[in-house]
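Peer 1: I'd like to ask you about the structure that follows.
The values are calculated or read from the model by the stated rules, or taken from the named source; none is laboratory data. This structure is a prediction, so every number in the text was calculated from the model and none was measured. Here the Cβ positions follow ideal geometry from the backbone for every residue, glycine too, while neighbour counts run over all protein chains shown. For the accessible areas, the whole protein counts, side chains as well, though only heavy atoms, and no ligand, DNA or RNA atoms are used. Shrake-Rupley method; radii C 1.70, N 1.55, O 1.52, S 1.80 Å.
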Amino acid sequence: MKKLFKNGTVVNVFTGELIKTNVLFENGVILGVDDYGDDEADEVIDVTGKYICPGFIDGHIHIESTMLTCPEFAKTAVSHGTTAVIADPHEIANVSGKEGLRYMLESSEGLPLTVYFVIPSCVPATGFDESGAVLSADDIEEFYSEKRVLGLGEVMNYVGVVAGDSKLEKKIKSALARGLVVNGHAPLLTGKPLDKYISAGIGDDHECSSADEAKERIRKGQRIMIRQGTAARNLSGLLPLFDDPWEQRCLLVTDDKHPADLISNGHIDSIIRSAAQMGKSAVTGIRMATLHAAECFGLKNTGAVAPGYKADMLVLDDLDKVIVRDVYKNGEKVVSDGKTLRFDVPKVSEALEKKVRSSFNLPMLSSSDFAVDYNGKRKCHVISLVDGQLLTDDLVSDIDFDCNNGIDIEHDILKIAVIERHHNTGHIGNAFIKGIGLKEGAIASSVAHDSHNLIVIGTNTDDMAFAANRIRELGGGIVSVKNGKVVSEMPLPIGGLMSCSAAETAAEQNEKVRESVYSLGVPKGFEPFMIMSFLSLPVIPHLKLTTMGLVNVDTQSEVRLAAE
C-alpha cells in the first residue's frame with residue numbers, strides 16, 4: 001500500500017537543507033521525495049508543520065548495559081526515534097560465551113528497531129581478566145554468517161595491537177577479509193602508536209574525550225563516535241566536532257546508558273537535543289545520527305529520506321528539541337504520538353535462557369576476605385576518579401592499616417574489591433579508591449566491565465561482605481547496604497547484567513538504588529554504580545583493579561598495592 005507524507009519539511013541529510021515537500025513510500029522503501037499528489041497514494045498522512053527525518057542509528061551500544069532485555073530496550077529506544085543500533089554484546093559474551101551471543105541474537109529478532117551486531121573481539125579484554133568464557137578467533141568465525149552481523153567489536157587491547165599480538169591480529173584480519181568493519185577503543189593513544197593501531201585496520205573510536213584527541217584521529221582517517229551515556233559524557237568536550245570539516249567523519253553513540261536515563265532523558269535524540277542547547281545545529285546532529293552512522297557500517301540505502309532508501313522515518317513536532325511524534329520502521333508505524341505500539345516478543349530457547357541465568361559460582365564471603373594487613377601506616381597506590389570521565393589516576397597516599405583496615409572516610413579513602421564469580425577460583429583483588437564519597441555502608445554490583453565479576457566498595461568490611469553476599473543471593477544485581485541491611489537493590493538475574501522486568505519497572509528500581517547512595521553520603525548527582533562498573537576494566541587508563549590486583553593500564557603491568 002502506497003503512503004504519502006504530505007506538507008512536511010524534510011531534513012535532507014545530504015545537503016543539510018530543510019525542504020518542504022511530500023514523501024511517497026511503499027513496501028518499506030521510499031519511492032520519491034517531491035510534489036506527489038493525494039491520488040498517487042492509498043493513504044495520505046498530513047504532516048503539516050512537522051519535520052521528516054531518517055530514523056536514528058546508535059553506532060555503538062552494549063544493550064546489556066541498559067540492564068534491559070532486547071525487547072524492553074527496543075520498546076524504549078524506538079519511542080525516542082531510534083530505528084537501528086549496532087550492538088557489541090561483549091558484556092554477556094564475557095559471562096556466557098557463545099551461548100550469550102546466541103541469546104542476544106535470538107532475543108533481538110524481529111523487533112521494531114533493527115539490532116545489528118559486531119562480534120566481540122576481546123573476551124576477555126586482557127590477560128589480567130578472569131571472565132566466564134574465552135572466545136578465540138576460531139570461536140567467533142561462525143557468527144559472521146549471521147545476516148545482522150556487521151563486523152568485529154571494539155578492539156580494546158590496543159597495547160596488544162601495537163605490540164603485534166598474533167591472536168588479535170588473526171581476529172582483525174578475518175573480519176577485514178570479509179569486508180566487515182573493525183571498531184576501535186584506544187583512549188589517549190597518539191602519535192606513532194596510534195598510526196600502528198589504525199593501520200591494523202581499525203576504522204573508528206568512541207573513547208575520545210577531547211577535541212584535539214579526536215581531530216588527530218580524523219586526520220589519520222578514523223571516524224569518531226561522539227559518546228554521551230550515563231557514565232562517559234564526552235559531548236561537551238567534543239562539541240567542536242559539530243563544525244566543518246570534522247562533522248563529516250562523526251556519528252553519535254551512547255555506549256552505556258542506564259534505564260532510568262533512557263526513559264527520562266531519551267536516547268540518541270537526547271544527544272542531538274543537548275548539542276542544540278549548546279548552540280550547535282540539530283540538522284548536523286541528525287546527519288551524524290543517520291547517514292554518517294549508516295556509511296560507517298556500510299548500511300546501504302539507509303539513513304536518508306531519499307528515493308530508494310529504507311522507509312525508516314521520524315515525524316518530529318520540533319526540530320531543535322527533537323520531539324518525536326511518530327516513528328515508521330520499514331514503512332510501518334511503530335510509534336504513535338510518542339508511544340510504542342505493541343509488537344511480538346521473540347522467543348528464546350530454554351537452553352539459552354537457562355545458561356544466561358546461571359552465572360554465579362562462588363561461596364559466601366566474610367569480612368576477612370576484604371582485609372589487607374601491612375602492619376601500620378604505609379604508602380599505597382589508590383585509584384583516583386577523574387570527574388566526568390572513565391579515566392582514573394594513580395594516587396599514592398598514606399594508608400593507616402591499624403585504623404578501620406586502611407579505610408579513611410574523612411579523606412574519602414574507601415576499600416574496593418573485585419571478586420571472581422564465574423569459576424570459584426577464590427581470587428579477590430583488594431585496593432583503595434578515592435572519589436566515591438560514601439560516608440557509611442557499602443555498594444556492590446555484578447556489572448563490572450568487562451569480565452563482570454563481583455565488585456564492591458565500602459566504608460567497612462562487614463557491610464562489604466553483606467553487600468557481596470546479597471548480590472550472590474540475587475543471582476546478580478546492584479545493591480546498597482548499611483549496617484548489615486539492604487537500603488535498596490535491583491535484581492539482574494540474566495547474566496548478572498539484565499533485568500527480567502519491564503523497562504518502566506527496571507527504570508524505577510534503577511532510580512531508587514541510584515538515589516539510595518545519597519543517604520549514604522555520596523554527593524547529589526554523582527552516579528557511583530556506573531562509574532564503579534568501569535573500575536575493573538584494565539583497558540581504560542590509568543589504574544584499575546581486577547580479581548588479581550591492581551593494573552597499570554598504560555603499561556599493562558601488575559601494580560603492587562604498597563607503593564614503597
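Peer 1: Residue under question is Ala289, and the condition is that it be out of contact with any strand residue (DSSP E or B) (no Cβ under 6 Å at 6 or more places or on another chain) and buried (at least 24 other Cβ atoms within 10 Å of the Cβ); does it hold?
Peer 2: Judged against the criteria, Ala289 is not a match.
Peer 1: Now for a separate question. Does the stretch 133-150 contain at least one residue that is at pLDDT below 95 and among the charged types (D, E, K, R)?
Peer 2: No, the stretch 133-150 contains no residue that is at pLDDT below 95 and among the charged types (D, E, K, R).
Peer 1: Can you find even one residue in the stretch 393-414 that is of a type in the set (Val, Ile, Thr) and under 30 Å from Phe73 (Cβ atoms)?
Peer 2: no
Peer 1: Turning to a different aspect of this structure: Does Leu535 fit the bill of being among the aliphatic types (A, V, I, L, M), modelled with pLDDT of 95 or more and under 18 Å from the mean Cα position of the chain (by Cα)?
Peer 2: yes
Peer 1: Do we have any residue at all in the stretch 308-315 that's open to solvent by less than 40 Å² (accessible area, probe 1.4 Å), small (Gly, Ala, Ser), modelled with pLDDT of 95 or more and under 17 Å from Glu43 (Cα atoms)?
Peer 2: Yes - at least one qualifying residue is present in the stretch 308-315.
Peer 1: Just give me the residues in the stretch 242-255 being under 25 Å from Thr392 (Cα atoms) and either part of a strand (DSSP E or B) or aliphatic (A, V, I, L, M) (or both), in sequence order.
Peer 2: Listed by number, the residues that qualify are Leu252, Val253, Asp255.
Peer 1: State the number of residues belonging to the stretch 217-245 that are charged (D, E, K, R) and closer than 19 Å to Val182 by Cα. Outline the logic, then answer.
Peer 2: Of the stretch 217-245, the ones charged (D, E, K, R) are 217, 219-220, 223, 227, 233, 243-244.
Retained after the next criterion (residues that are closer than 19 Å to Val182 by Cα): 217, 219-220, 223, 227.
Final tally of qualifying residues: 5.
Peer 1: I would also like to ask the following. Residues that are surrounded by fewer than 18 Cβ atoms within 10 Å (Cβ to Cβ) and in contact (Cβ under 8 Å) with a residue 24 or more places away in the chain: list the strands (runs of 3 or more DSSP E) wholly contained in the stretch 378-463 that include at least 1 such residues.
Peer 2: Values: elements: 392-400, 413-419, 428-434, 442-445, 454-458.
Correct list: 392-400.
Peer 1: What residue, of Met532, Met548, is among the aliphatic types (A, V, I, L, M) and over 30 Å from Ala77 (Cβ atoms)?
Peer 2: Checking each option against the conditions leaves just Met548.
Conditions tested, residue by residue: (1) closer than 19 Å to Val356 by Cβ; (2) hydroxyl-bearing (Ser, Thr, Tyr).
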residue: Ser451; (1), (2): yes, yes
residue: Asp462; (1), (2): no, no
residue: Leu474; (1), (2): yes, no
residue: Ser480; (1), (2): no, yes
residue: Met498; (1), (2): yes, no
residue: Ala502; (1), (2): yes, no
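Peer 1: Which ones in the stretch 323-357 are free of Cβ contacts under 8 Å to residues at least 24 places away in the same chain, at negative phi and assigned to a loop (DSSP other than H, G, I, E, B)?
Peer 2: Matches in the stretch 323-357: Arg342 only.
Peer 1: Wholly within the stretch 75-173, which helices (runs of 4 or more DSSP H) include no fewer than the required count, namely at least 1 residues that are open to solvent by less than 10 Å² (accessible area, probe 1.4 Å), closer than 30 Å to Gly55 by Cβ and of a type in the set (Val, Ile, Thr)?
Peer 2: Filter on the stretch 75-173 gives 90-107, 137-140.
Peer 1: Just need a number here: residues in the stretch 194-241 that are touching a residue at least 24 places away in the same chain (Cβ under 8 Å), part of a helix (DSSP H, G or I) and open to solvent by 10 Å² or more (accessible area, probe 1.4 Å). So that I can check it myself, show each step before the final result.
Peer 2: Going residue by residue through the stretch 194-241, those that are touching a residue at least 24 places away in the same chain (Cβ under 8 Å) are 194-198, 200-204, 206-211, 213-216, 218, 220, 222-241.
Next, from what is left, pick out any that are part of a helix (DSSP H, G or I): 194-198, 211, 213-216, 218, 236-241.
From the residues that got through so far, the ones that are open to solvent by 10 Å² or more (accessible area, probe 1.4 Å) too are 195-196, 198, 211, 213, 215-216, 218, 236-237, 239-240.
So the answer is 12.
Peer 1: Mind telling me which of the residues Ala294, Ala306, Ala289, Ala275 ends up being touching a residue at least 24 places away in the same chain (Cβ under 8 Å), hydrophobic (A, V, I, L, M, F, W, C), assigned to a helix (DSSP H, G or I) and more than 18 Å from Ala232 (Cβ to Cβ)?
Peer 2: Ala294
Peer 1: Does Val327 fit the bill of being among the β-branched types (Val, Ile, Thr) and either touching a helix residue (DSSP H, G or I) at 6+ places or on another chain (Cβ under 8 Å) or under 28 Å from Phe432 (Cβ atoms) (or both)? Quick ask: steps written out before the conclusion?
Peer 2: Details: among the β-branched types (Val, Ile, Thr): yes; either touching a helix residue (DSSP H, G or I) at 6+ places or on another chain (Cβ under 8 Å) or under 28 Å from Phe432 (Cβ atoms) (or both): yes.
Yes, satisfied.
Peer 1: Also, quick follow-up: Among the residues of the stretch 27-38, is there at least one that is under 19 Å from Asn330 (Cβ atoms), open to solvent by less than 50 Å² (accessible area, probe 1.4 Å) and free of Cβ contacts under 8 Å to residues at least 24 places away in the same chain?
Peer 2: no
Peer 1: Condition check: over 19 Å from the mean Cα position of the chain (by Cα), closer than 30 Å to Leu101 by Cβ and open to solvent by less than 30 Å² (accessible area, probe 1.4 Å). Does Val522 satisfy that?
Peer 2: For Val522, the condition - over 19 Å from the mean Cα position of the chain (by Cα), closer than 30 Å to Leu101 by Cβ and open to solvent by less than 30 Å² (accessible area, probe 1.4 Å) - is not met.
Peer 1: For the stretch 355-377, enumerate the residues that are open to solvent by 30 Å² or more (accessible area, probe 1.4 Å) and closer than 28 Å to Ile92 by Cβ.
Peer 2: Answer for the stretch 355-377, where residues must be open to solvent by 30 Å² or more (accessible area, probe 1.4 Å) and closer than 28 Å to Ile92 by Cβ: Lys355, Arg357, Ser358, Phe360, Asn361, Pro363, Met364, Asp369.
Peer 1: Next question. Of all residues being without any contact (Cβ under 8 Å) to a residue 40 or more places away in the chain and open to solvent by 60 Å² or more (accessible area, probe 1.4 Å) in the stretch 467-485, which is farthest from Met67 (Cα to Cα)? Just the residue, please.
Peer 2: Checking each candidate, the answer is Lys485.
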